[in-house]
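Report on one structure; see the data block that follows.
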Amino acid sequence: MADALSMFVLAAALLGFSGEETPAPLRREVLIIFSRHGIRVPYAPPGGIAEYSKAPAAGWFPNASDWGAEGEAHLTEHGATVIRRMGAYHRQLLVDSGFLPSDGSKVAIYADDDPTGRDVKTASAFFDGLLPGVTVSIQHTASYVQPLFNQGQLNSTICPGPTEAQVQGTLAVAVAVAVALALALALALALALALALILTPDPDPDR
């Protein structure tokens, strides 16, 4: 949906074992952080609030300025403050501990480029807290959120459902991957069985 999970990436990698017979202690190499945007101004669903409220004229969505924001669905001042504090908390965990350099040289950041800019602003606020005074580059694209399958009854120009081609294309890739994995597993089992038969001694060699 248009208000789907927004995320920015601090860095990417895996934790693993060494190739030694006795595994070495786990060591954090790189870290991935995913986050939704900060607190935003609420907004009415497509088609209005009447379908969901017994008091549609109650004014549930006041002026954005009342929230300290630039517009409907935008990141609020309070939301940015909370995200900065979250960044400061992670500074204690990552920078002060020596895991992450304080100059911003070891970070990669991505944010969804939504129409309000709240995701990019969220990423910016986080790094204001994590690396204060350091200029970081936030990668973002204009493609915004990919179509989702669980649209329910909501299918508007603001939040359109996927086309049949998109659904079939996505499912086709998923099916192909599943088939490939199944074939690989079947081959591995067949090889293991064949190896077991070869290595199993004959209980009656004189027969």
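If a residue has to be surrounded by fewer than 13 Cβ atoms within 10 Å (Cβ to Cβ), at negative phi and outside any helix (DSSP H, G or I) to count, how many in region 63-105 make the cut?
Residues flagged as surrounded by fewer than 13 Cβ atoms within 10 Å (Cβ to Cβ), at negative phi and outside any helix (DSSP H, G or I) within region 63-105 amount to 5.
Among (1) of a type in the set (S, T, N, Q); (2) modelled with pLDDT of 90 or more; (3) not in a loop (DSSP other than H, G, I, E, B), which single condition is THR135 missing?
Failing condition for THR135: (3).
Looking at (1) under 23 Å from LEU131 (Cβ atoms); (2) free of Cβ contacts under 8 Å to residues at least 12 places away in the same chain, can you tell me which one PHE99 breaks?
Among (1) under 23 Å from LEU131 (Cβ atoms); (2) free of Cβ contacts under 8 Å to residues at least 12 places away in the same chain, the lone unmet condition for PHE99 is (2).
Against the conditions (1) at pLDDT below 90; (2) closer than 15 Å to THR122 by Cβ, where does SER53 fall short? Just the number, please.
Single failed check for SER53: (2).
Being surrounded by 10 or more Cβ atoms within 10 Å (Cβ to Cβ), more than 28 Å from VAL95 (Cβ to Cβ) and at pLDDT 50 or above, is that true of even one residue in region 3-20?
For region 3-20, residues surrounded by 10 or more Cβ atoms within 10 Å (Cβ to Cβ), more than 28 Å from VAL95 (Cβ to Cβ) and at pLDDT 50 or above: absent.
Give region 91-135 a look and list any residue that's closer than 18 Å to ILE39 by Cα and under 16 Å from the mean Cα position of the chain (by Cα), or say none.
Those that are closer than 18 Å to ILE39 by Cα and under 16 Å from the mean Cα position of the chain (by Cα): ALA111, ASP112, ASP113, ASP114, ARG118, ASP119, VAL120, THR122, ALA123, PHE126.
The values are calculated or read from the model by the stated rules, or taken from the named source; none is laboratory data. Since the model is a prediction, treat every value here as computed from it, not as a measurement. Backbone-built Cβ (ideal geometry, glycine too); neighbour counts: all protein chains shown.
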